[in-house]
Amino acid sequence: YKSSGVNRIPDVLFVIFKAAIVGFILFGSYIFILRMQEDISRLFIGFTFFAAALLISLEKIALLYIVKVLAAKDKSFKSALIAFRRILIVGTGKRTKTFIKLVENNPGWGIKIIGLVDMDPTRKGEIISGYEVIGTLDDMPDIIHTEIVDEVVFIVPRSWLNKIEDVLLYCENAGLKVHIAVNLFDLKFSRAKQTDLQGFPLLVFESAPEKLGHLFIKRLFDFLASGAALVLLAPAFAVITILIKTTSEGPVFFKQLRCGLYGRKFMFYKFRTMVIDAESRLKDLLKYNEMGGPVFKMANDPRVTKTGRWLRKFSLDELPQLWNVFKGDMSLVGPRPPLTSEVENYDNWQRRRLSMRPGITCLWQASGRNKITDFKEWMRLDLEYIDNWSLWLDFKILFKTIPVVLFGVGAK
């Protein structure tokens with residue numbers, strides 16, 4: 001449901017003052033760039049934006065009060081100043097009760113519930129969440145004719161879907177707007193939304209972040225930041241290259257096939273920190289694994305070179321992954337990219353961590369890296385990141401990673 005233009009007061013004030021602050025910063029920057037400080041003072045700009053925010057807030061608060069007063073007077077949308085909608089709800093279950101509570105907590109939606117409809121005739125007259133069951137599906141034509149009904153909301157179980165088609169057609173012919181609740185499945189993470197593919201309607205369930213604009217900003221920041229870092233850190237790359245070549249045999253870079261977004265395979269790069277035959281010696285060290293699950297972690301791994309140990313302590317071995325970020329295989333922040341062999345041994349719920357582009361750092365990295373030895377805890381942190389992702393969270397993780405890297409916290 002779309003709001004009638006009014007929401008809860010705290011939400012309104014937050015949006016207004018956030019817009020005022022952003023406007024002040026942008027306009028102030030514009031004045032500074034054009035060197036117009038002598039003509040327009042910062043105090044005047046600040047007062048103007050504050051006054052505008054205050055007046056808009058008062059207008060929204062007054063509008064919300066009017067909505068509440070009119071909502072209490074049971075007016076139809078044709079006679080009220082604000083478009084109140086009288087709705088008939090089909091369904092009486094737990095989801096219906098949740099919907100009723102949602103409507104009552106949002107008077108700004110302008111919704112008046114006139115009653116409920118159920119398939120069971122014996123429930124007629126029953127009161128559910130303060131509203132009466134006024135009929136059955138068979139009674140709906142009479143209800144629509146005798147009551148003022150603007151819209152019909154179907155909140156029915158899956159078993160009813162093949163039984164409401166005739167009623168849906170009747171509502172369509174009567175010109176009524178019809179809504180069908182799509183939370184038909186008890187999904188724990190996915191969010192349902194309706195989309196349209198050139199006239200072909202689709203019901204979409206998404207468990208990964210869906211803010212395309214924010215994801216674009218994330219990718220743009222990754223591209224620009226990694227590109228700049230590759231240029232600025234070129235001298236450090238040269239020094240590390242010399243250190244690796246002069247202290248151990250083998251190539252400078254370690255390359256490995258890893259899994260990225262939704263299992264896409266890509267070539268992963270690091271500065272080599274182990275001896276050449278490290279992979280072949282792994283089977284002899286599996287009994288010392290300190291991490292549960294399909295991941296191998298070991299303190300004082302004998303395969304690590306002296307230079308490699310120093311590089312690992314300060315995460316300098318990860319610098320070549322800036323190239324992966326620049327190409328788009330990875331992000332600066334995201335779940336660490338797993339080995340293909342690790343993914344093959346994932347439990348089904350663990351595969352959800354692949355729904356976000358892998359990163360150089362993440363909640364696990366910022367929380368102390370290898371101090372976490374429980375694989376399930378590692379997975380939990382990755383899924384917590386995905387479920388709560390935002391641009392602000394990415395920046396917080398980046399800032400938290402800085403001291404972890406500088407002081408070598410949790411390095412092995």
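What follows draws every value from the coordinates through simple rules; no lab data is involved. Just so it is clear, the model here is predicted, and its values are computed rather than measured. Glycine gets a Cβ as well: all are built from the backbone with ideal geometry, and neighbour counts include every protein chain shown.
Under unit Cβ charges (Lys, Arg +1; Asp, Glu -1), what dipole magnitude, rounded to 20 debye, does segment 284-365 have relative to its Cα centre?
Once rounded to the nearest 20, the dipole reads 200 debye.
Please give the calculated 222 nm ellipticity per residue for the chain, where each DSSP H segment of at least 4 residues contributes -39500 (n - 2.57) and the sum is spread over every residue; nearest 500 deg cm²/dmol?
-13000 deg cm²/dmol
If every alpha-carbon in segment 212-406 counts as one equal scatterer, what log10 I(q)/I(0) does Debye give at q = 0.15, 0.17, 0.18 1/Å?
Results for segment 212-406 at q = 0.15, 0.17, 0.18 Å⁻¹ read -0.98, -1.29, -1.45.
Taking the simple approach of a point 7 Å from Cα along Cα-to-Cβ for both ASN348 and VAL182, what is their distance in nm?
2.3
Amide H of VAL90: which non-local residues (sequence gap of 5 or more, or other chain) have their own amide H closer than 5 Å, using H built in the peptide plane?
VAL117, VAL153, PHE154, ILE155
As I understand it, the dipole of the chain uses +1 on the Cβ of Lys and Arg and -1 on the Cβ of Asp and Glu, about the Cα centre. Which of ASN348, GLY115, THR92 lies farthest toward its positive end?
Result: ASN348, furthest along the dipole toward the positive end.
Please report the relative contact order for the chain, taking Cα pairs under 8 Å with a sequence separation of at least 6, and give it as a percent rounded to a whole number.
11
What's the Kirkwood radius of the chain in Å, using all Cα pairs?
For the chain, inverting the mean 1/r across all distinct Cα pairs yields 26.7 Å.
What is the gain in length, in nm to one decimal, between ILE40 and LYS211 on full extension, counting 0.36 nm per residue of separation less the C-alpha to C-alpha distance?
Extra length from ILE40 to LYS211 when fully extended: 57.8 nm.
Quick one: order ARG264, ARG85 by neighbouring beta-carbon count within 10 Å, fewest to most.
ARG264, ARG85
Could you point to the residue in SER129, LEU224, SER29 farthest towards the positive end of the chain's charge dipole, with +1 and -1 charges on the Cβ of Lys/Arg and Asp/Glu respectively?
LEU224
Let me spell out the model: positive unit charges on the Cβ of Lys and Arg, negative unit charges on the Cβ of Asp and Glu, origin at the Cα centre of the chain. What dipole size does that give, in debye rounded to 20?
Magnitude of the dipole: close to 1660 debye.
If you project the alpha carbons of segment 76-220 onto the principal axes, what extent comes out on each, in Å, largest first?
So the three principal-axis extents are 57, 40, 31 Å.
Ranked by Cβ crowding within 10 angstrom, fewest neighbours first, how are ASP374, ASP317 ordered? Spell out each step's value before the answer.
Values: ASP374 11, ASP317 25.
If I rank by nearby Cβ atoms, fewest first, I get ASP374, ASP317.
Using the structure shown, select from LYS18/LYS218; LYS193/LYS327; LYS60/LYS101 the pairs with a Cα to Cα distance greater than 28 angstrom.
Working: LYS18/LYS218 21 Å; LYS193/LYS327 31 Å; LYS60/LYS101 23 Å.
Where the Cα-Cα span goes over 28 Å, the pairs concerned are LYS193/LYS327.
Select from ILE276, ILE143, MET291 the residue farthest towards the positive end of the dipole of the chain; place +1 on Cβ of Lys and Arg, -1 on Cβ of Asp and Glu, and compute about the Cα centre.
Farthest towards the positive end: ILE276.
Which of these, GLY263, GLY213, GLY227, has the largest mean-square fluctuation under a Gaussian network model of the chain (Cα springs below 10 Å)?
Judging by the Gaussian network model, the answer is GLY213.
More than 16 angstrom separation, counting every C-alpha pair in segment 9-71; what % is that?
Cα-Cα pairs of segment 9-71 separated by over 16 Å account for 53 percent.
Name the helices (complete DSSP H segments) of the chain with a Cα length along the long axis of 15 Å or more and a Kyte-Doolittle mean of at least -1.0, or state none.
9-33, 42-71, 94-104, 212-232, 234-247, 375-387, 391-406
Amide H neighbours of GLU132 under 5 Å, at least 5 residues apart or on other chains, H built in the peptide plane: list them.
Those qualifying (amide H under 5 Å, at least 5 residues apart or on another chain) are LEU116.
Once both labels are modelled 7 Å past Cα along the beta-carbon direction, what's the ARG219-ILE276 spacing in nm?
For ARG219 paired with ILE276, the spin-label model returns 4.1 nm.
Identify which of VAL304, VAL182, VAL333 has the largest mean-square fluctuation in a Gaussian network model of the chain, with springs joining Cα atoms closer than 10 Å.
VAL304
Quick one: of the DSSP bridges fully inside the chain, what percent are antiparallel, nearest 5?
Here the share of antiparallel DSSP bridges comes out near 50 percent.
How large is ³J(HN,Hα) for each residue in segment 281-288, as worked out from phi by the Karplus curve 6.51 cos²θ - 1.76 cosθ + 1.60 (θ = phi - 60°), to whole Hz, x for Gly and Pro?
With coefficients 6.51, -1.76 and 1.60, one gets 8, 4, 4, 7, 10, 4, 5, 9 Hz.
Give me TYR131, TYR65 ranked fewest to most by other Cβ atoms within 10 Å of their Cβ, as a rough exposure proxy. Walk me through the numbers before you get to the answer.
Values: TYR131 17, TYR65 12.
Ranking TYR131, TYR65 by Cβ neighbours within 10 Å, fewest first, gives TYR65, TYR131.
Sequence gap at least 6, Cα distance under 8 Å: using those rules, report the relative contact order of segment 113-256 to the nearest whole percent.
11
Given a 10 angstrom Cα cut-off, can you work out which residue in LEU261, LEU54, LEU243 is the most mobile in a GNM of the chain?
Most flexible of the set in this elastic network: LEU54.
Taking segment 186-237, which trypsin sites (Lys or Arg not before Pro) meet the DSSP loop condition and have no more than 16 other C-beta atoms within 10 Å?
LYS188, LYS211
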